[in-house]
Amino acid sequence: MILPVLSDRKIIKALKKAGFRYAPKRGKGSHTALYKIDEGGRKLLVIVPRRKETPRGTFLAILEQAHLSKDDFMRLL
């Protein structure tokens, strides 16, 4: 699957659909922090840089932090 180049707004919108919320006192400057409590009670923290075009490597790191597959994320868009 070819990954699209996405803006931070589209990534954050999809993460919010997956149950993530803004992390209070975490997102500062040029990054936005979101968190979610998973089924095991662990807190997942995802850091999204504010960019019009997020590099693919950064996008893959965000998916890893969020414990989402590429297919799952694409369904959220």
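Within region 14-38, being of a type outside the set (Asp, Glu), in contact (Cβ under 8 Å) with a residue 24 or more places away in the chain and closer than 20 Å to residue 75 by Cα holds for 14, 15, 17, 18, 20, 36. Filtering region 18-30 to residues that are farther than 19 Å from residue 7 by Cβ and either at pLDDT 95 or above or surrounded by 16 or more Cβ atoms within 10 Å (Cβ to Cβ) (or both) leaves 19, 21, 23. For region 1-47, the tally of residues that are more than 12 Å from the chain's Cα centre (by Cα) and of a type in the set (Ser, Thr, Tyr) stands at 1. If you filter region 31-77 down to residues that are of a type in the set (Ser, Thr, Tyr) and under 24 Å from residue 2 (Cβ atoms), you find that the one that is surrounded by the most Cβ atoms within 10 Å (Cβ to Cβ) is 54.
Listed by first and then second residue, the pairs with beta-carbon distance under 6 Å, at least 6 apart or on different chains, first residue in region 39-63 and free of Cβ contacts under 8 Å to residues at least 60 places away in the same chain, second among the charged types (D, E, K, R), are 44/36; 44/38; 48/8; 50/8; 51/8.
The values are calculated or read from the model by the stated rules, or taken from the named source; none is laboratory data. Just so it is clear, the model here is predicted, and its values are computed rather than measured. Glycine gets a Cβ as well: all are built from the backbone with ideal geometry, and neighbour counts include every protein chain shown.
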